[in-house]
1. Being within 22 Å of B:GLU370 (Cβ to Cβ), among the aliphatic types (A, V, I, L, M) and modelled with pLDDT of 95 or more is the filter here, so list the residues in segment B:261-294 that pass it.
2. If I ask for residues that are buried (at least 24 other Cβ atoms within 10 Å of the Cβ) and under 11 Å from A:VAL419 (Cβ atoms), which ones from segment A:439-453 would you list?
3. What's the total number of residues in segment B:302-311 that are surrounded by fewer than 21 Cβ atoms within 10 Å (Cβ to Cβ) and within 7 Å of another protein chain (Cβ to nearest Cβ)?
4. Keeping to segment B:141-153, report how many residues are over 17 Å from B:VAL57 (Cβ atoms) and out of contact with any Pro (no Cβ under 8 Å at 6 or more places or on another chain).
5. Out of all the residues in segment B:319-335, is one or more more than 16 Å from B:ALA229 (Cα to Cα) and in a helix (DSSP H, G or I)?
6. Could you tell me whether segment B:220-232 includes any residue that is on the phi < 0 side of the Ramachandran plot and either under 30 Å from the mean Cα position of the chain (by Cα) or surrounded by fewer than 18 Cβ atoms within 10 Å (Cβ to Cβ) (or both)?
7. What number of residues within segment A:1-53 are farther than 20 Å from A:TYR113 by Cβ, part of a helix (DSSP H, G or I) and not aromatic (Phe, Trp, Tyr)?
8. Of these, B:PHE299, B:PHE267, B:PHE247, B:PHE282, which one is within 13 Å of chain A (Cβ to nearest Cβ) and in contact with a helix residue (DSSP H, G or I) (Cβ under 7 Å, 6 or more places away or on another chain)?
2 protein chains.
Amino acid sequence: MNNVIDFINTNRDRYLEELKEYLAIPSISALPEHAADVRRCAEWTAAEMTRIGMQNVRLEETPGHPIVYGDWLGAEGAPTILFYGHYDVQPVDPLELWESPPFEATIRDGEIYARGSADDKGQVFMHFKAIEAHMKQNGKLPVNMKIILEGEEEVGSANLDNYIKDNKDALGADVVVISDSPMFDRGIPSICYGLRGLVYFQIDLRGTKSDLHSGSFGGAVANPNMVLAQILSQMKDKGGRIRIPGFYDEVKELREEERAEWKKLPFNETRYRKELGAPKLFGESGYSTLERVWARPTFEVNGILGGFTGDGAKTVIPAVAMAKVSMRLVPNQDPDKIAELFESYVKKIAPKTVEVKVTRMHGGKPWMTEFDNPFVQAAGRAIEKGFGKTPVFNREGGSIPVVATFQEILGLPSVLFGVGLPDENAHAPNEKLDLNNFHGGVIASAYLYDEVAGINKDGGG
Amino acid sequence: MNNVIDFINTNRDRYLEELKEYLAIPSISALPEHAADVRRCAEWTAAEMTRIGMQNVRLEETPGHPIVYGDWLGAEGAPTILFYGHYDVQPVDPLELWESPPFEATIRDGEIYARGSADDKGQVFMHFKAIEAHMKQNGKLPVNMKIILEGEEEVGSANLDNYIKDNKDALGADVVVISDSPMFDRGIPSICYGLRGLVYFQIDLRGTKSDLHSGSFGGAVANPNMVLAQILSQMKDKGGRIRIPGFYDEVKELREEERAEWKKLPFNETRYRKELGAPKLFGESGYSTLERVWARPTFEVNGILGGFTGDGAKTVIPAVAMAKVSMRLVPNQDPDKIAELFESYVKKIAPKTVEVKVTRMHGGKPWMTEFDNPFVQAAGRAIEKGFGKTPVFNREGGSIPVVATFQEILGLPSVLFGVGLPDENAHAPNEKLDLNNFHGGVIASAYLYDEVAGINKDGGG
């Protein structure tokens, strides 16, 4: 590997210049006036992939923006990585808050500022440069590699699922690698091995056919706002535990090793609380804040509305009240099953005084690859070699739907191999990528392929 | 009294023609473009009062529309009635829903349709005609009478309290008579002897300094929507009883006679429920629907708002949540004291995870004159003579602030002597007054003065 790493170190400046060129293309997928730029970016991406030695490179047309595909399958007997990323970027509004033009990559204080620098062109390009180094020095990669890069990640990936389903066999691999997330904190590289799922509902209550005067009718009928409050308050006990019967049945408990690992993380609860502006943190009894956010399910009331909400006072008993509620799910909770449990519970606890309608909005499955999975551990060793630091193995509280898709359709584990930072401004003005993280990321990626190559195809070390 | 009643019967048609003239003046107090009409109506009212024999008739100027005053104080040794009403009317929008022009009184099926027919010109005019009959036949009234008619009742009576305070001595009387309310039901004349009070609040909760992503932060902090639901749900127990400590301490329990009287009322709970469109009625255990609405306090959530309430789904933990809540109060609850109890209870049950602010909006005292008060009973006898039916003695769930004002500032009991109907459309298109009720009301009013004259000034029979 030394010759590969030498190549990366030697070409560090050139890599940066090429990255600037990539970042100069305003591939904003959300804006129709940038459709040509998105295609130009797909073509630039494909040309670069061909240049670094990928084969069968092509644009896969979709009803929206194209997917760029390429592979290199010359490592006979070695595992296959399916690398996923995206070449489209977020819009740049409000433009006036950018300190340098979003599509003229600018270096300040060791960071490169540009739209797409962290999310996700910079992290895609990091792999391109790792592949290039292997190819230039050894004429081959240590692993087989398939790459799919979509142009619609920032607009909901409407065409990705169908593409994966339609090409299920062609996309066969041993592990998915995605570099599209931040590390735990500056100077603390991490491997994220779990994400939460989601199930989202609207609850509509109707008490009477129209709003009523609270003087003339107050006392005679149930108030939908109050019934809603009563229903919602029965969703959690005082200890923050969700009261939906059966809700926790499939929850995979935290392993002792995970809890021990996370306890060691430099997480300052007071600083965290102050940054959020919360008088006091609150969550499920018996779990730390990180455990609550990363590995425990939640019940949130995302919105409530009923009756008179303007300035002043109106003495009304509303006819209707509404809440939007959602649950973050953890392995091995199934959104469909949780939805059923929730709907049954609402029906059970709702009084006969109101009509109740529960509408399921959308959802996604939770995802996890065990932290001691050989691919995850291989990624950890690669990060350690690239950054000179043992990474932390963490989970995240949010959802990345594509990860669940790869698990579901292709049956593949994923490795989230991200080198962004929590303050990278991914969807905000002044998006940036730390140059040391980029360079370390190229080295780590090069090592990743090598580490994965050492794993038996059945997943053994 | 026979000569008085004969006069009323003989002049029935003329009365109606005069009423039409009164209703033709569009005295809409809410609309500046009708200011001249309001004044013209005040002047018409004053002229009519003078014509029927009232003395000292004058317009009392206020910062808004004038109050019309007049008196007749020639019944030495007899009690004094302070008659209150209003000559202003509601706006007429939406005009296209009126079946006949709102200021061209039209008779259909025994009812007179016009804005102000029931609320309140028609009921004021009913007393004018009763006074006229006494004066024409006997040259005097059996009681002393002071009349104040305001022109701002439909816009909040902003100047009435000050007028009453400034003229406290001049307005001295034994009983207040108000005819500005509907009777219990068609064919069921009634005397209302109690109204509920009100105290209204806004509750504001803040959990964090800004909205949070429910994936990244769900589980770490309290959700203000949920905390709001928990606070609100602790306001009532399952039996519908309010849980604010001390809330019921001053509540005057229903007298057995009241409960027995109300049980006899032709109140069809199924019809009532269906008209409201409620799946099931609900209220405080141990009380009937009428008792709950007329004589028991309530806690209502008039409005709730927090987080995302648009179409679709947004995975947000809101920074803030808000509720508007109010309590209807019954004798002898004091709004100030109840406000203190409520605020203390919210502070006590609110968790430390959110900032809570309680803002008191407005309120009013409950009012009651015992149903066996001699003036109330006198009114009952008068109604019986006018309508040929024993009236029911009921209370109402709403509030009429001026009644509490008369009680508070002047220390006077009030008699609500209304001949409207529940379907009179008081603030809606096609406002109407039943002509039999108007005629019966003139006779009943004439008897009322006679019955009141028979009461000792200290209130004895």
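The values are calculated or read from the model by the stated rules, or taken from the named source; none is laboratory data. Since the model is a prediction, treat every value here as computed from it, not as a measurement. Reconstructed Cβ throughout: ideal geometry from the backbone, glycine too, with neighbour counts over all protein chains shown.
1. B:LEU290, B:VAL293
2. Answer for segment A:439-453, where residues must be buried (at least 24 other Cβ atoms within 10 Å of the Cβ) and under 11 Å from A:VAL419 (Cβ atoms): A:GLY441, A:VAL442, A:ILE443, A:ALA444, A:SER445.
3. Our first condition is that a residue be surrounded by fewer than 21 Cβ atoms within 10 Å (Cβ to Cβ); within segment B:302-311, this holds for B:308-311.
Retained after the next criterion (residues that are within 7 Å of another protein chain (Cβ to nearest Cβ)): B:308-309.
Qualifying residue count, segment B:302-311: 2.
4. 3
5. yes
6. The answer is yes, given that some residue of segment B:220-232 is on the phi < 0 side of the Ramachandran plot and either under 30 Å from the mean Cα position of the chain (by Cα) or surrounded by fewer than 18 Cβ atoms within 10 Å (Cβ to Cβ) (or both).
7. Residues that pass the stated criteria total 24.
8. B:PHE267
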